[in-house]
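Below is one structure; the comments refer to it alone.
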Amino acid sequence: MRIIGRLACPMSCLLTFTGLDNPGITSAITKKLDEAQINLEDIEQVVVRGQLILCLLVDLDPKSASHTKILQDLKSCAAKLNQEMSHREVSKVPQENHKRRYVLTIMAEPVTADVMHLVSNLLATHQANIDSIRRLSHGSLASLEIALSIEESSAAPLKQALLQELIEHSVDIALQRESLTRRNKRLIVLDMDSTLIQNEVIDEMARLHGVYDEVSKITHQAMSEGLDFKESFKKRVALLKGLEIERVEAMVRNLKLTPGARELVRVLKRLGYEMGIVSGGLDKAAQHMKESLGLDFAYANQLESKDGKLTGEVLMPIVDAQRKADLLEIVAQSKNIPLEQTIAIGDGANDACFLAKAGLGIAYHAKPILKRAADTSISSGGLERILYLLGIHARDIHEFL
């Protein structure tokens, strides 16, 4: 565009064009602006189900006689393109803005008008401005990403209000500070049992050995009576004494992946992410999953064996809650990745420290106590939904796979 010699107007004008999308519309309109020597200050365009919405902020005064003629020419041009044009005056004085940028991700089956009303009402109540909305899901409206601006001090109360309001609607939300680190995570660490896989491996081993009820009782004590994880783990492993390693290896090969796990790994590995397992479960299962999925590392508890059978002893150190958090930091440091660029995913109370250490902690189909501690939670759907939290569109996932 030629901009030499153009005079600035005291007011700007927002031009909005709507209609069926076709190639050449933006070209024809900007050509008219160029011929009239009108400065272009801003431009945004979106297409919704084939319908174009094109907005241009231009250096034009609708009250000026010469500019009125330009508006008429633009409207005629729009009509020839099967577009409707509207315009309104906009002040050139920028509004002072101390708000921070955040991204709100909404996931549901589907996202209804009722849900959108609840969300938008809460955003308004907490003085959050919606900057843009885009759909992440393909087909049904299952996921949306809302870019918004809000006072930093209001972000935490907004998140809490959203969680309380939407819990009865089976809606998952994530409110994240918009930054380079949000869009450039580099390391993802997953818990294994009931997260990456659908099984609890020690329970499966107990079934093989005929001691499931005894192991289950200790697990219940650990959860309800506050029995220390290390102590409860040692007691459960002791009950497995004499179990043949060959039977354990056969069982491990039949463990069931969580829906969406393979898709999540395939996409993120191709994007260059480092991925692996840090688990309070058993090493043989973790190593099998590492090899099966092509992960980069796997850390879990190793059980002692002798003459092809388990001895009932666990090798130190035991991977408990603190050890999981430490391993996340150790892995991140070894790969020279800041913690802000890490994601931890887990489901149990034993994952709280682990999730708190990561840049983004995700509670997946988790116990209530972990949901409260995590940055965000996913309560329905498969692991592939984590891709939405990274701003990846379902269409791109489909093309990738």
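With the largest listed first and rounded to whole Å, the semi-axes of the equivalent ellipsoid of region 11-91 from the Cα gyration tensor are 20, 13, 11. Of the options [x] 59, 41, 41; [y] 95, 39, 38; [z] 85, 47, 42, only one is Cα extents along the principal axes in Å as computed from these coordinates, and that is [y].
Only alpha carbons enter this Debye calculation for region 17-61, each as an equal point scatterer, and the log10 of I(q)/I(0) it gives at q = 0.16, 0.19, 0.28 Å⁻¹ is -0.44, -0.60, -1.05. All Cα-Cα distances of region 187-400, cut into 5 Å bins from zero to the largest, leave 1, 7, 15, 19, 21, 16, 11, 6, 3, 1, 0 percent in each bin in turn. Taking packing as the residue-averaged number of other Cβ atoms within 10 angstrom, the listed peptides 388-395, 301-308 run from highest to lowest as 388-395, 301-308. Remark: spin-label model distance ARG270-LYS75 equals 5.0 nm, labels positioned 7 Å along the Cα→Cβ axis. Applying 1/(1 + (r/R0)^6) with R0 = 35 Å to the Cβ-Cβ distance of ILE167 and ASN254, what FRET efficiency is obtained, to the nearest 0.05? Efficiency, from the Cβ-Cβ distance: 0.50.
What you get for the chain, charging only the Cβ of Lys and Arg (+1) and of Asp and Glu (-1), is a dipole of about 760 debye around the Cα centre. With each label modelled as a point 7 angstrom along the Cα→C-beta vector, the HIS98-HIS117 pair spans 3.5 nm. Charge dipole (Cα centre; +1 on Lys/Arg Cβ, -1 on Asp/Glu Cβ; no other charges) of region 100-178 amounts to roughly 240 debye. Only helical runs count toward this figure. For the chain, summing -39,500 (n - 2.57) over DSSP H runs of n ≥ 4 and dividing by all residues gives -11500 deg cm²/dmol at 222 nm. Think of region 330-401 as having a plus end and a minus end, set by charges on the Cβ of Lys, Arg, Asp and Glu; of ASN336, ALA394, ALA358, ALA358 sits farthest toward the positive end of this dipole. With a Förster radius of 22 Å applied to the C-beta separation of GLU399 and VAL48, the computed FRET efficiency comes to 0.60.
Taking the average, over residues, of other Cβ atoms within 10 Å as the packing measure, peptides 159-171, 274-286 rank 274-286, 159-171 from highest down.
Within the same chain, lysines fewer than 8 places from LYS309 are excluded, and of the rest, those with a Cα less than 28 Å from its Cα are LYS217, LYS230, LYS234, LYS235, LYS241, LYS256, LYS284, LYS290, LYS324.
Within straight-line reach of LYS185, meaning a Cα separation under 20 Å, sit the following aspartates and glutamates at least 8 residues removed in sequence or on another chain: GLU145, GLU263, GLU274, ASP296, ASP326, GLU329, GLU340, ASP351, ASP375, GLU384, ASP396.
A Förster distance of 56 Å, applied to the separation of the beta-carbon atoms of ASP228 and LEU180, puts the FRET efficiency at 0.90. Extending 7 Å from Cα along the Cβ direction at LEU315 and again at LYS335 yields two label points whose distance is 2.3 nm.
None of the figures in this text is laboratory data; all of them are computed from the coordinates on show. This one's a predicted model, so the numbers in the text were calculated from it and none came from an experiment. Here the Cβ is made from the backbone with ideal geometry for all residues, glycine too, and neighbour counts use every protein chain on show.
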